[in-house]
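Shown next, in structure tokens, is the structure this report addresses.
Nothing in this text is a laboratory measurement; each read-out follows from the coordinates by a stated rule. All of these numbers come straight from a predicted model, not from anything done at the bench. As a convention, Cβ positions derive from the backbone with ideal geometry for all residues, glycine included, and neighbour counts pool all protein chains shown.
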Amino acid sequence: MIKLYDEGVYLINGTKIVPESQAGNQYNKADAKKGTIAYGILKSHNTADNMDHLRIKFDAMASHDITFVGIIQTARASGMKKFPLPYVMTNCHNSLCAVGGTINDDDHYFGLSAAKKYGGIYVPPHIAVIHQFMREMFAGCGKMILGSDSHTRYGALGTMAIGEGGGELVKQLLEDTYDVAYPGVVAIYLTGKPAPYVGPHDIAIAIVKAVFEKGYVKNKVMEFVGPGVSTMTTDYRNGVDVMTTETTCLSSVWRTDADTRSFLAEHGRADAYKELNPADVAYYDGCVEIDLSKIKPMIAMPFHPSNAYTIDELYANLKDILADTEKRAAKVAGGRATFTMMDKITPDGKLMVQQGVIGGCAGGNYTNVVEAANALKGKTCGFDEFYLSVYPSSQPVFVDLDRKGYLADLMDAGAIIRTAFCGPCFGAGDTPANNAFSIRHTTRNFPNREGSKPGNGQMSAVALMDARSIAATAANGGKLTSAEEFDCWGNVPAYNYDDKAYKSRVYWGFGKGNPESEIRFGPNIKDWPEQEALAENILLRVVSKILDEVTTTDELIPSGETSSFRSNPLGLAEFTLSRRDPQYVGKAKEVQKIERARLNGEATPELDEVYAAIKKIPGQEGVDVKAIEFGSTIYANKPGDGSAREQAASCQRVLGALANITQEYATKRYRSNCMNWGMIPFHLKGEPNFEVGDYVYVPGIRSALDKNELGSIKAYIIKGGKVEEAELYIQDMTENERTIVKAGCLINFNRNGKK
């Protein structure tokens with residue numbers, strides 16, 4: 001079904017794979033590397049004089065309403081005068097306007113006023129989810145788009161899109177560049193044709209399962225090629241593509257064809273089409289070969305999209321898999337709540353679920369909703385615990401589904417139809433009941449991402465499935481059912497796009513900014529607190545030690561319940577690590593209080609024993625201990641999987657963090673967020689021989705950054721007055737990244753004239 005090559009490959013004429021070990025000398029590798037679609041797009045957007053270290057300028061950007069306030073506040077503090085490129089601000093995350101107890105319509109008014117002042121594009125609440133709007137209005141063949149949401153993926157339209165933290169968007173607003181080493185490019189070679197009962201989520205989940213744990217495409221570009229591409233419509237491809245984020249790749253791009261042209265033409269943008277195909281000889285750093293005809297309906301069990309099985313496998317091993325899920329849930333709950341699965345097995349051996357959701361940028365596409373409606377036409381979801389919610393991805397999609405009667409068919413079956421909203425994907429909508437099990441055609445099923453709170457004794461969980469199997473399950477009253485058991489698929493009439501809703505409600509202000517207009521603020525919108533520049537020597541207190549295999553950004557800073565505080569840096573910071581280490585905030589604040597006392601010239605008796613130990617270190621006898629910058633740090637084996645949200649780093653920073661110490665960063669975007677907020681991205685050689693409350697002293701760190709001598713950094717662990725040596729290192733940083741960290745954060749970097 002899926003084969004991963006353990007070497008690079010040459011793709012010949014788009015149809016023949018030749019492993020590098022079998023190619024001999026018949027191809028020029030250097031030239032063939034330039035034959036990928038990705039190379040051509042990156043080259044056309046690169047402002048540097050070489051392709052080894054790219055400096056990218058994007059064609060457009062997009063943010064939603066739990067990111068754009070912080071981005072604009074950062075850019076304003078850095079001296080921005082206007083939006084120099086099209087910047088779309090959608091309102092699809094805080095759409096409910098009262099999430100968490102504060103009134104978030106202030107954030108929406110802030111966005112509209114910023115669009116008017118700086119020349120932006122503003123999409124009001126309930127009109128479209130961010131990625132559907134960008135597909136409809138901005139993505140095009142050969143373009144590049146940057147978004148402050150991790151699922152910024154428009155590869156099926158020939159666009160290389162990248163999801164990053166807000167700092168990278170700020171750089172574009174300041175007419176700086178996105179700096180990255182030239183990425184590896186991996187071919188996703190598709191053959192065959194999906195079965196009628198197989199949907200895009202089935203294919204995507206199968207790919208994530210195959211590549212995630214191996215890190216096969218981490219920080220690389222996934223390039224979808226091969227004859228199988230043209231067996232799927234573009235709307236269907238969009239559903240596969242958006243999930244490439246869950247592989248930890250950098251970006252994605254697909255070859256284009258007549259259906260791509262038709263999609264763009266239907267949306268009034270035929271001029272955005274051009275044919276994209278690899279050259280006759282193209283070299284890829286790896287290859288994932290997929291026979292689409294062999295893909296079966298899938299389910300990704302809690303608590304990651306890669307924890308996946310075919311639904312057939314689930315039922316063949318039901319008790320074992322459910323027992324494993326209960327063990328995973330117990331680890332997540334940490335004794336604070338209970339989640340059970342075995343009691344959800346029905347007398348006839350089926351798995352009973354309590355909720356289904358089809359929506360967002362992955363599930364709310366036209367094709368998915370039509371297929372769900374076809375499966376439920378004339379049937380019922382039943383009148384027991386199970387219920388189904390459907391969120392079309394934009395008003396134009398909603399309107400066409402309505403005009404064709406599909407929404408009525410769904411409502412007649414008992415489904416609930418909602419407006420365009422991303423809430424179920426991050427825990428701000430349709431949060432399940434305690435101990436309930438939800439199946440969703442959304443993007444993620446991380447621990448508690450659906451909104452449950454083990455700390456309050458409540459826990460639920462999510463499995464990812466395709467809309468087709470969710471609809472089949474709904475038709476069976478909540479008994480988990482594979483779409484393969486139904487015979488109603490493939491009857492999807494052509495989509496008829498109508499942009500009247502956009503013309504009526506979207507503010508199109510690019511190039512029309514009025515510098516004299518005022519930004520509208522609200523009481524919950526706060527400026528970023530000041531940050532100090534990095535000192536020559538730093539002292540870190542370990543305030544959290546996380547030995548989990550992977551730590552997600554949802555665990556670093558929760559999603560749903562914190563959304564209303566995203567415009568309030570200090571208010572949001574109170575939630576840092578609340579799901580994983582509730583003691584973190586208090587311990588970080590203790591460190592910050594001591595550092596503030598030091599800066600004010602006050603005594604810091606808490607550090608006397610540590611200072612005495614430092615003075616016994618060879619070469620540090622004469623160090624001015626009062627000039628040592630003091631901050632907190634966390635240790636985590638592999639932090640940052642998941643969201644692009646910069647708050648996973650900024651919340652640590654505003655609480656006084658100076659660094660993270662890790663074995664590996666799960667994603668480039670989280671590491672970039674740390675650096676943009678002035679945090680040093682340390683790696684540790686060996687095991688962490690320190691505990692919470694111990695100290696790590698790093699002398700000469702500023703000089704090491706100055707000289708770019710990062711491969712081996714001597715550090716000292718101090719506990720109980722005793723000193724042990726340790727070795728840290730930092731992976732490659734650009735000159736700008738080093739300067740940003742030395743400045744203390746991106747805002748300081750820009751205020752200082754980028755010095």
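Couple of notes before you dig in:
- Relative contact order, percent, the stretch 298-499 [alpha-carbon distance under 8 Å, six or more residues apart]: 28
- Candidates 432, 696, 165 compared by Cα position along the dipole of the chain: farthest toward the positive end lies 165, with charges placed on Cβ.
- Nitroxide proxy distance, nm - points 7 Å out along Cα→Cβ at residue 316 and residue 516: 7.3
- Residues of the stretch 268-307 with amide N under 16 Å of a point placed 7 Å along Cα→Cβ from residue 323: none
- For the stretch 467-528, the set of GluC sites (Glu not before Pro) satisfying both a DSSP loop assignment and a count of at most 12 other C-beta atoms within 10 Å is given as 516, 518.
- For residue 731 and residue 34, a Förster radius of 45 Å and the Cβ-Cβ distance give a FRET efficiency of 0.95, rounded to the nearest 0.05.
- Built amide H within the under 5 Å cut-off of residue 62, gap 5+: 88, 146, 147, 148
- Whole-angstrom gap from the stretch 224-253 to the stretch 314-370, using each part's C-alpha centre: 26
- The relative contact order of the chain, computed from alpha carbon pairs under 8 Å that lie at least 6 residues apart in sequence, is 15 percent.
- DSSP beta bridges confined to the chain are antiparallel in about 40 percent of cases.
- Peptides 532-544, 192-204, 328-340, ordered by how many other C-beta atoms sit within 10 Å of their residues on average, highest first, read 192-204, 532-544, 328-340.
- For a label point 7 Å along the Cα-to-beta-carbon line of residue 336, residues of the stretch 436-454 with backbone N under 13 Å: 447-449, 451-454
- Ranked packing of 584-597, 357-370, 247-260, most packed first, by mean Cβ within 10 Å: 357-370, 247-260, 584-597
- Residue-count net charge about residue 109 - beta-carbon cut-off 13 Å; Lys, Arg +1, Asp, Glu -1: -2
- Gain upon complete extension [residue 22, residue 412; 0.36 nm per residue less C-alpha separation]: 134.5 nm
- For the stretch 445-453, backbone phi angles converted through the Karplus equation (6.51, -1.76, 1.60; θ = phi - 60°) give residue-by-residue couplings of 9, 4, x, 6, 5, 6, x, 6, 10 Hz, Gly and Pro being listed as x.
- Selection from 113, 655, 330 lying farthest towards where the dipole of the chain points positive, charges on Cβ: 113
- Alpha carbon Rg of the chain, scaled by the compact-globule rule 2.2 N^0.38 Å: 0.94
- Cut-off 17 Å, label 7 Å out along Cα→Cβ of residue 280, residues of the stretch 8-28 by amide N: 10-18, 26-28
- Separation between Cα centres of the stretch 579-613 and the stretch 399-477, rounded to whole Å: 44
- Between residue 707 and residue 611, full extension at 0.36 nm per residue minus the direct alpha carbon distance yields a gain of 31.9 nm.
- Taken over the stretch 538-751, the convex hull of the Cα atoms encloses 120 Å³ per residue.
- Estimated vicinal HN-Hα couplings, Hz - the stretch 165-177 in sequence order (Karplus 6.51, -1.76, 1.60; Gly, Pro = x): x, x, x, 5, 5, 4, 4, 5, 5, 9, 6, 8, 10
- Additional length obtainable on full extension of the chain from residue 508 to residue 603, 0.36 nm per residue less Cα span: 28.6 nm
- Each peptide in 215-225, 688-698, 164-174 receives the mean, over its residues, of other Cβ atoms within 10 Å, and ordering these scores from highest gives 164-174, 215-225, 688-698.
- Close amide H partners of residue 142, meaning residues 5 or more places away or on another chain with modelled amide H under 5 Å apart, are 159, 160.
- Short-range pairs are left out: with C-alpha atoms under 8 Å and at least six residues apart, the relative contact order of the stretch 275-321 is 22 percent.
- Taking amide H positions as modeled 1.01 Å from N, with prolines and chain starts lacking one, the residues under 5 Å from residue 182 and 5 or more places away or on another chain are 53, 54.
- 10 Å binning of all Cα-Cα separations within the stretch 107-231, expressed as whole percents from 0 upward: 10, 33, 35, 17, 6, 0
- Lys pairs under 17 Å by Cα in the stretch 60-178, provided they are eight or more residues apart or on distinct chains: 6
- Label-point separation, residue 380 to residue 583 (7 Å along Cα→Cβ), nm: 5.4
- Whole-Hz Karplus values for the stretch 221-226 come out as 9, 8, 10, 8, 9, x Hz, taken residue by residue from phi with 6.51 cos²θ - 1.76 cosθ + 1.60 and θ = phi - 60°; glycine and proline positions read x.
- Total charge dipole magnitude, the chain, about the Cα centre, Cβ charges on Lys, Arg, Asp, Glu only, Debye to nearest 20: 1000
- Theoretical FRET efficiency, 1/(1+(r/R0)^6), r = Cβ-Cβ of residue 499 and residue 685, R0 51 Å, to 0.05: 0.35
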